[in-house]
1. Which members of segment 201-238 meet the condition of being among the hydrophobic types (A, V, I, L, M, F, W, C), in contact with a strand residue (DSSP E or B) (Cβ under 6 Å, 6 or more places away or on another chain), touching a residue at least 40 places away in the same chain (Cβ under 8 Å) and under 20 Å from residue 146 (Cα atoms)?
2. Could you list, in sequence order, all residues of segment 261-284 that are more than 16 Å from the ligand (Cβ to nearest atom) and surrounded by fewer than 20 Cβ atoms within 10 Å (Cβ to Cβ)?
3. If we keep just the residues of segment 286-296 that are surrounded by 20 or more Cβ atoms within 10 Å (Cβ to Cβ) and modelled with pLDDT of 95 or more, which is farthest from the ligand (Cβ to nearest atom)?
4. For residues that are without any contact (Cβ under 8 Å) to a residue 24 or more places away in the chain and in a helix (DSSP H, G or I), scanning just segment 79-104, find the one that is surrounded by the fewest Cβ atoms within 10 Å (Cβ to Cβ).
5. Which of the residues belonging to segment 222-241 are near the ligand (Cβ under 10 Å from one of its atoms), part of a loop (DSSP other than H, G, I, E, B) and either among the aliphatic types (A, V, I, L, M) or surrounded by fewer than 17 Cβ atoms within 10 Å (Cβ to Cβ) (or both)?
6. Kindly evaluate residue 128 against the criterion of being aliphatic (A, V, I, L, M) and either under 24 Å from residue 46 (Cβ atoms) or touching a Cys at 6+ places or on another chain (Cβ under 8 Å) (or both).
7. Across segment 60-78, what is the number of residues that are over 10 Å from residue 20 (Cβ atoms) and in a helix (DSSP H, G or I)?
8. Go through segment 26-47 and give me each residue that's assigned to a helix (DSSP H, G or I) and either closer than 25 Å to residue 115 by Cβ or among the aromatic types (Phe, Trp, Tyr) (or both).
Amino acid sequence: MPARVLNGKQTALAIRGEVAEEVSKFVAEGGPRPCLAAVLVGDDPASQVYVRNKQRACEKAGIEGRLQRLPADVSQAELMDVVQGLNADDAVHGILVQLPLPRGLDERQVLDAVDARKDVDAFNPGNVGLLMQGRPRFLPCTPSGIVQLLHRYEIPVAGKHVVVVGRSDIVGKPMAMLLAARDGSCGPDTANATVTIAHSRTDDLDAVVRSGDIVIAAVGRPEMIRGSMLKPGAVVIDVGINRVDDKLVGDVCYEEAMEVASAVTPVPGGVGPLTIAMLLSNTLQAARAIHASGQG
Ligand code: NDP
């Protein structure tokens, strides 16, 4: 029997609907309209599409989406000024710096400068630390979208062996933290997993992946995870977005996985839409917290 398709697009629409309802309630109760400011440097076509999609999603949820465009040759100092300006702007609740930044700009310095209370991507070192300690301010968008997907499809995680392939700061590492967290401390109660993080230096990756009840691929290599690497009945979450011959493919060979796994996320229409939905949710949360502190 082919695997179940985990429809991230549908789940994301449901989450976005919930956020929209909460936003209108928040505003009706006297809260400010939540506002997400995106900073887009240069004219990378993929980044432009991502930012446009995020802005559209904001508007549909009743969140104001601002866009600050800067030329690719902007100086580090000018970019830092823009971020500081958004930090100081009481009408802005969430700040998103679209990555990657053009070469020559210090990404780390820019991300570190984002006010932790407005850091809806959860990249700020303080927010990463809070997540590590199981008391997150914001849940990182892609990993928490995946947790939501597992939760809403009622896929048990507690006690299961999850293999996360990839150890980036954006996906792999925070993903592992969320899944290994104690019940409820990092989102819905789909935690308490036993987590292995694999990467490019892992010995016998095939065997490691085959030991996973749940496999989360965040590598950035088209169709690298083959059906033969999966335990029969595994749940496969494909984070990868790779453009091959003008088509988007994941890090997992979808057709092969469908034959072996019990559930698989497609690309596109899997994890991608969830990332945006969680960004909206974090923006509302930021607006609530800033408003409650009397500063916006
Ligand atoms: P990075 O390039 O930052 O990290 C990739 C990770 O994969 C690294 O840890 C690397 O290991 C590991 N890796 C690379 N080659 C191999 C290999 N042959 N075997 C095992 N591990 C390997 O990527 P990101 O985490 O930022 O993104 C991963 C993918 O997810 C990309 O396709 C990206 O486009 C996509 N993405 C999708 C999102 C969504 O919303 N759907 C959001 C963010 C990313 P090492 O550390 O040893 O180099």
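The values are calculated or read from the model by the stated rules, or taken from the named source; none is laboratory data. What you are looking at is a predicted structure, and each value in this text was computed from that prediction instead of being measured. Note that each Cβ is placed from the backbone with ideal geometry, even for glycine, and that neighbours are counted across all protein chains shown.
1. Matches in segment 201-238: 209, 214, 215, 216, 217, 219, 225, 235, 236, 237.
2. Passing the criteria: only 262.
3. Here is the first cut: in segment 286-296, the ones surrounded by 20 or more Cβ atoms within 10 Å (Cβ to Cβ) are 286-287, 290, 296.
Then drop every residue that is not modelled with pLDDT of 95 or more, which leaves 286-287, 290.
Details: 286: 19, 287: 22, 290: 25 Å.
Residue satisfying both the conditions and the ranking: 290.
4. Within segment 79-104, the match that is surrounded by the fewest Cβ atoms within 10 Å (Cβ to Cβ) is 88.
5. 224, 239, 241
6. Working: aliphatic (A, V, I, L, M): yes; either under 24 Å from residue 46 (Cβ atoms) or touching a Cys at 6+ places or on another chain (Cβ under 8 Å) (or both): no.
No: the conditions fail for residue 128.
7. Number of matching residues: 3.
8. Within segment 26-47, 26, 27, 47 meet the criteria.
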